[in-house]
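Worksheet: one structure, shown below.
The values are calculated or read from the model by the stated rules, or taken from the named source; none is laboratory data. Values in this document were obtained by computation on a predicted structure and should not be read as measured data. Don't worry about glycine lacking a Cβ; one is built from the backbone with ideal geometry, like all the others, and counts go over all protein chains shown.
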């Protein structure tokens, strides 16, 4: 996770944080009043494609930008509250995971001159989007249940589905349009940081598997508890170990 802190030492990456945050917030805010799913909690979010695309373009800058962009969206859109803390964490991970686990499924092209969606890249895009969506939704739903602001069983399904559908539909066209230009300008995260564009190591693979397993387990644990059998805190306690495993996996990738 060292690159997350190196962002603040590099002017170009700091600018990318600001760009990601501004773009994310600008697209989020208009839909907060017209496409509401749960009042004060979430809405239809076409902006959900932005953290995924920016993650694959800008790397660690997109993690910070996604977190701050969502926070700004809550503030300006009138939905700022205690749940925004977990919204910050969930969206941070939503922008963090894609570039860190890109290639771990052995489908992404390793040729840095080609589009990342070439060959099996589209399938890789769908997989990393699915992982990031489940992680984001799981963290936010768990936090909302902990704070008593929204039911876990609803958010743990609605948020990942909302994220995934929007990102998979809108993300690939954005990638095809932006990737060659950003690469030509030398502004891809691995160009700036001098790292490998596709990470393939035992540690990253194990971390990704932990994230995948925990993220998939989180909604299943909550949904497996019959209605009326367990109160909010019992759901929080049952899901907490999976949240812990998820965070360990995120630290490893």
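Tell me which of these residue 159 doesn't satisfy, since it passes every other one: (1) in contact with a strand residue (DSSP E or B) (Cβ under 7 Å, 6 or more places away or on another chain); (2) modelled with pLDDT under 90.
(2)
More than 20 Å from the chain's Cα centre (by Cα), over 16 Å from residue 44 (Cβ atoms) and in a helix (DSSP H, G or I) - does that describe any residue in the range 134-153?
yes
Any residue at all in the range 104-111 that is part of a helix (DSSP H, G or I) and more than 24 Å from residue 23 (Cα to Cα)?
From the range 104-111, those part of a helix (DSSP H, G or I) are none; that's our starting set.
No, the conditions are met nowhere in the range 104-111.
Tell me, yes or no, whether the range 120-129 has at least one residue that is within 26 Å of residue 186 (Cα to Cα), at pLDDT below 95 and in a loop (DSSP other than H, G, I, E, B).
Yes, that holds for at least one residue.
Taking only pairs six or more apart or across chains, which ones have beta-carbon atoms under 6 Å, a first residue in the range 242-253 that is at pLDDT below 90, and a second residue that is part of a helix (DSSP H, G or I)?
Close Cβ pairs satisfying both conditions: 253/100; 253/101; 253/204; 253/207; 253/208.
Here is a check on your reading of the model: is residue 137 farther than 30 Å from residue 10 by Cα, in contact (Cβ under 8 Å) with a residue 60 or more places away in the chain and touching a helix residue (DSSP H, G or I) at 6+ places or on another chain (Cβ under 7 Å)? If you could, list the steps in order and put the result at the bottom.
Values: farther than 30 Å from residue 10 by Cα: yes; in contact (Cβ under 8 Å) with a residue 60 or more places away in the chain: yes; touching a helix residue (DSSP H, G or I) at 6+ places or on another chain (Cβ under 7 Å): yes.
Yes, satisfied.
Looking at 67, 108, 144, 150, can you tell me which residue is closer than 26 Å to residue 213 by Cα and at pLDDT 95 or above? Show your work before the answer.
Details: 108 fails: at pLDDT 95 or above; 144 fails: at pLDDT 95 or above; 150 fails: at pLDDT 95 or above.
Result of the check over 67, 108, 144, 150: 67.
How many residues are free of Cβ contacts under 8 Å to residues at least 12 places away in the same chain and either buried (at least 23 other Cβ atoms within 10 Å of the Cβ) or assigned to a helix (DSSP H, G or I) (or both) if we restrict to the range 64-102?
Step one: list which residues in the range 64-102 are free of Cβ contacts under 8 Å to residues at least 12 places away in the same chain, which gives 75, 80.
Still in the running and either buried (at least 23 other Cβ atoms within 10 Å of the Cβ) or assigned to a helix (DSSP H, G or I) (or both): 75.
Within the range 64-102, residues that are free of Cβ contacts under 8 Å to residues at least 12 places away in the same chain and either buried (at least 23 other Cβ atoms within 10 Å of the Cβ) or assigned to a helix (DSSP H, G or I) (or both) number 1.
Here is a yes/no grid of residues against (1) touching a helix residue (DSSP H, G or I) at 6+ places or on another chain (Cβ under 9 Å); (2) surrounded by 15 or more Cβ atoms within 10 Å (Cβ to Cβ); (3) in a helix (DSSP H, G or I):
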| position | (1), (2), (3) |
| --- | --- |
| 168 | yes, yes, yes |
| 179 | yes, yes, yes |
| 186 | yes, no, no |
| 192 | yes, yes, yes |
| 196 | yes, no, no |
| 217 | yes, yes, yes |
| 221 | yes, yes, yes |
| 237 | no, no, yes |
| 248 | yes, no, yes |
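Matching residues to (1) buried (at least 24 other Cβ atoms within 10 Å of the Cβ); (2) modelled with pLDDT of 95 or more; (3) not in a helix (DSSP H, G or I):
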residue: 4; (1), (2), (3): no, no, no
residue: 15; (1), (2), (3): no, yes, no
residue: 27; (1), (2), (3): no, no, no
residue: 33; (1), (2), (3): no, no, yes
residue: 40; (1), (2), (3): no, no, yes
residue: 52; (1), (2), (3): yes, yes, no
residue: 55; (1), (2), (3): yes, yes, no
